[in-house]
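Down below is the structure, laid out as structure tokens.
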Amino acid sequence: MRAWCIEEKQLQLHSLEAPQPGPEEVQVQVKAIGVNRADLLQVQGSYPAPPGTSSRIPGLEYAGVVSAIGKRVQKRKVGDAVMGLVPGCAYAEQVISHERETLTIPQGITFIHAATLPEAFLTAYRALFLEGGLQPGQWCLIRPVTAGVGLAATQLAITLGARPIGASREPNKLTAANDLGLVAQVRENGTFTAQLNTITDGEGVAVILDMVGPDWNDLLGGLRAEGSLVSIGVLGGLNTELNLGALLMKRQTLKSMTMRSQPLEKRIQLAQVFNDRLAPLFANGQLRPLPLETFSFENAIEAHKHMASNDFSGKRVIVVK
């Protein structure tokens, strides 16, 4: 099989022996690969794969067809159309996954569009609803709303009855989020508390999904009493300052989460959440795949350059012929 490998902090295309499935695993013939910020960081040496997964081949998100199964596989068969998240090695023509980690591609969704779904929607759903406890009618802040996870979070909040507010440094990039139903927006200008309190009539937001990091004192000023801030990224830096007195008086909760470094049991549980709760919403049209730009498998490096430019609000998908 062909696979993109990391050599001296650069991607290089190699020919490797195809991986074979273990007893409870499936081999997937990859048709499309979702590009994620973690892939760029891994190539740069800043985000190695978790223990037990090779760091040589990047890639967390795929869509394709089951091409071989292990001897104890029960629920998948050769020919099934699947998608999913893996700890790594998705930048290849074949990838291995535990059968219960695989996600069923909703009816009417192509492989290319399916590759935009697992990482963004599972991350957003877990952060807002499982970790943050967001409820219908409540306000939430999504920061930045222009990222793939941000666009997925906007859709999920609207579909499930909440009211999303989007944060962005560049309002001209909010077209995609606005088209998906974003209720309000705030600027990254150091006045989150005032802006959020104005939008919510002083109530504050119930949940903040944050991918940026610093400015938490200002963010928490716009988070209501007993609200939750869920951190899933540190794009803006690794350090922040907190007013612990204000945090204590408002009984606010700070949480952090990653999707990649989880035990298999947790990954299987989240896959079941998608199949049970989100797949039907895609099948009936309440949720839609994200805006995307496509790149051929041979042009994976260009896909990374496109993501690094930060000029597009949506997903980049590598298409495997």
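Kindly express, to the nearest 10 degrees and within the range 0 to 90, the angle between helix 264-273's C-alpha long axis and the longest C-alpha principal axis of the chain.
It works out to around 70 degrees.
In whole Hz, with x marking every Gly and Pro, tabulate ³J(HN,Hα) for the range 131-137 from phi via Karplus 6.51 cos²θ - 1.76 cosθ + 1.60, θ = phi - 60°.
7, x, x, 4, 10, x, x
Using Rg and Dmax of the Cα atoms in Å as the read-out, say which of (1) 20.5, 57; (2) 19.6, 60; (3) 21.8, 82 was calculated from these coordinates.
Derived directly from the coordinates: (2).
Over the range 178-321, with the other protein chains present, what is the accessible area per residue in square angstrom, probe 1.4 angstrom?
Working: 7170 Å² over 144 residues.
The answer is 50 Å² per residue.
Once amide H atoms are placed 1.01 Å from N in the peptide plane, what residues at a sequence separation of 5 or more from residue 32, or on another chain, have their amide H within under 5 Å of its amide H?
Here the answer is 63, 320, since their amide H atoms fall under 5 Å of that of residue 32.
Using only the C-alpha atoms of the range 63-186, find the volume of their convex hull and express it per residue in Å³. Provide the component values of the computation, followed by the final result.
Numbers: hull volume 16.9 nm³, N = 124.
Enclosed volume per residue, from the Cα hull, is 136 Å³.
What is the magnitude of the charge dipole of the chain about its Cα centre, with +1 placed on the Cβ of each Lys and Arg, -1 on the Cβ of each Asp and Glu, and no other charges, expressed in debye to the nearest 20?
On the way: 30 positive and 29 negative charges, 110 e Å.
It works out to roughly 520 debye.
Quick query: amide H of residue 68 versus all other amide H atoms, modeled in the peptide plane; which residues come in under 5 Å with a sequence gap of 5 or more or a different chain?
27
Each residue of the range 110-116 in turn: what ³J(HN,Hα) in whole Hz from Karplus with 6.51, -1.76, 1.60 and θ = phi - 60°, glycine and Pro shown as x?
Going residue by residue, I get 6, 4, 4, 6, 4, 5, 8 Hz, with x marking Gly and Pro.
Distance check, please: which entries in 255/321; 71/255; 9/315; 75/255; 255/315; 266/315 exceed 29 angstrom between their Cα atoms? Each step should come with its number before you reach the end.
Working: 255/321 41 Å; 71/255 40 Å; 9/315 23 Å; 75/255 34 Å; 255/315 26 Å; 266/315 25 Å.
In this structure, 255/321; 71/255; 75/255 lie more than 29 Å apart at Cα.
Hey, what number do you get for the chain at 222 nm if only DSSP H runs of n ≥ 4 count, each worth -39500 (n - 2.57), divided across all residues, to the nearest 500? Show your work: numbers first, answer last.
On the way: 11 runs with 81 residues, N = 321.
When only DSSP H runs of four or more count, the value is -6500 deg cm²/dmol.
Taking the DSSP beta bridges in the chain as the whole, what percent of them are antiparallel, to the nearest 5?
On the way: 31 of 57 bridges.
Percentage antiparallel, nearest 5: 55.
Please name whichever of 223, 35, 263 sits farthest to the positive end of the charge dipole of the chain, dipole taken about the Cα centre and charges placed at Cβ: Lys and Arg +1, Asp and Glu -1.
About the Cα centre, the residue reaching furthest to the positive side is 263.
Amide H to amide H, which residues 5 or more places from residue 138 or on other chains are under 5 Å from it, using H placed in the peptide plane?
Distant-sequence amide H within range of residue 138: 163.
Could you report the range 98-154's accessible area per residue, 1.4 Å probe, as an integer in Å²? Don't skip to the end; give the middle numbers.
Details: 1530 Å² over 57 residues.
Here the per-residue accessible area is 27 Å².
Short version: ³J(HN,Hα) in whole Hz for each residue of the range 303-309, in order, from phi by Karplus 6.51 cos²θ - 1.76 cosθ + 1.60 (θ = phi - 60°), x for Gly and Pro, what are they?
4, 5, 4, 5, 5, 5, 6
List, largest first, the extents of the alpha carbons of the range 1-100 along their principal axes, each in whole Å.
Per principal axis, max minus min of the Cα coordinates gives 39, 24, 20 Å.
Dipole of the chain (Lys/Arg Cβ +1, Asp/Glu Cβ -1, origin at the Cα centre): which of 274, 79, 299 lies farthest to the positive side?
Looking along the dipole axis, the top candidate is 79.
In the range 1-79, carbon and sulfur make up what percent of the accessible area (probe 1.4 Å)? Can you show the working numbers first?
Working: 1940 of 4050 Å².
About 48 percent, which is the carbon plus sulfur part of the accessible surface.
The values are calculated or read from the model by the stated rules, or taken from the named source; none is laboratory data. Computed from a predicted model, the values in this text were never measured in an experiment. Heads up, the Cβs are rebuilt from the backbone with ideal geometry, glycines too, and the neighbour counts pull from every protein chain shown. The area values use the complete protein model at the heavy-atom level, side chains included, leaving out ligands, DNA and RNA. Shrake-Rupley method; radii C 1.70, N 1.55, O 1.52, S 1.80 Å.
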